[in-house]
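Everything on this sheet refers to the single structure shown next.
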Amino acid sequence: MSEIPQHIVDLADQRQMARADKDFALSDSLRDQIASLGWLIKDTSDGFVLSVAPPFVQYPNMQQLMQESQNSVSAKTVLLVIIDGWPIDTRECLTALTAYLPPESCVVAIDCGNVDGAGEVLHELAVADSRIHEFHLVQTLNEAGWSPVVLAGINMANSEFFGVMDLSTIWDADALTPLLPVFDSPDVALTGWRGVNVNTADEWRSFVDAPAGSADAILSYYMVMRTSVAREIGPHPKAKFYRNADMEWSLAVRSAGHDVVVPNVELPVHQERHHGYHDSDPQYRDQQSKKTYDRLLQSFRGKNHILCSSGPG
């Protein structure tokens, strides 16, 4: 790492004092001044860390990202990809996605923390392809939370349809156009690659794969919904980790009277290693997944009337 100039350290110390004095206007001004000099400051429990600023703007927090990007991306369909590290996966996923992206659609990619330089890969691809709209957060995904990042994507989307896709999901051909006819039915709000049904026989303790047709939930490996519904019924804001959050979101959509459907077509996609699950911190993953599932059960267990008629049990 480059040696940090003393005048940058002095500005960071001044900002630390401003924060202690709750002078947040001065704190923000000093942060911007540090950034203009080519350095990034990140607050920690022990104070702050300074690093060389990357070649793109990073939003310091979710609030500022939301404020400055509302309705900023217009298309018929906006697909959100969350970048949480994994630069090789970032390149593979986005390269395949843009190779087959149909007209009147685009990608919103939100980079969380530029982990291992994944944000720099995103920037390179976005500079080369105007259909990729890049946004960069200082916070990592664990710090920002999965649901708040998804809500930021919904906030950006000036579109008819909004999708969420995981980095591990790779398009082998156009995987959007075959989905859209599902929305010819006005009752359908959500569709996607893989659906699941609640196993009511074991008191909602598990889900099973859903066949084509109405389903209880769609998994966020690749899901698409009406943007109007996503704005009305987003993922639960307390869902920090994706696991179970997509099912909780889907059940909320069904609870509001909308249909959730697995398409009757085989989508041209496949999944590579899902780092977001297999290579995440197991303690954090399991703790946050349990919190979400407990909340899901508290909200929906026993309300079998909201489930699709084909559900097991």
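The values are calculated or read from the model by the stated rules, or taken from the named source; none is laboratory data. Please read these numbers as outputs of a predicted model, since none were measured by experiment. Note: ideal-geometry Cβ built from the backbone for every residue, glycine included; neighbour counts use all protein chains shown.
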- Task: For the stretch 96-153, enumerate the residues that are under 15 Å from residue 164 (Cβ atoms) and either assigned to a loop (DSSP other than H, G, I, E, B) or not assigned by TED's automatic domain parsing to the domain that holds residue 222 (or both).
- Result: 145
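I'm trying to understand the selection: among the residues of the stretch 209-240, which are assigned to a loop (DSSP other than H, G, I, E, B) and surrounded by fewer than 24 Cβ atoms within 10 Å (Cβ to Cβ)? Write out each step before concluding.
Filtering the stretch 209-240 for residues assigned to a loop (DSSP other than H, G, I, E, B) gives 210-212, 215-216, 219-221, 233-240.
Selection gives 211, 212, 219, 221, 233, 234, 236, 237, 238, 240.
This table checks each residue for (1) free of Cβ contacts under 8 Å to residues at least 60 places away in the same chain; (2) more than 17 Å from residue 276 (Cα to Cα).
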| residue | (1), (2) |
| --- | --- |
| 42 | no, yes |
| 59 | no, yes |
| 91 | yes, no |
| 106 | yes, yes |
| 111 | yes, no |
- Taking the stretch 172-208 and keeping only residues that are of a type in the set (Ser, Thr, Tyr) and crowded, with 23+ Cβ neighbours inside 10 Å, one is left with 191
- Task: Look at the stretch 270-297 and say how many of its residues are within 21 Å of the chain's Cα centre (by Cα) and closer than 17 Å to residue 196 by Cβ.
- Result: 7
- Give the residues of the stretch 87-123 that are under 15 Å from the mean Cα position of the chain (by Cα), among the hydrophobic types (A, V, I, L, M, F, W, C) and closer than 19 Å to residue 270 by Cα, sorted by residue number. 93, 94, 107
- Task: Hey, can you tell me all the residues within the stretch 282-301 that are touching a residue at least 60 places away in the same chain (Cβ under 8 Å) and either surrounded by fewer than 12 Cβ atoms within 10 Å (Cβ to Cβ) or outside any helix (DSSP H, G or I) (or both)?
- Result: 301
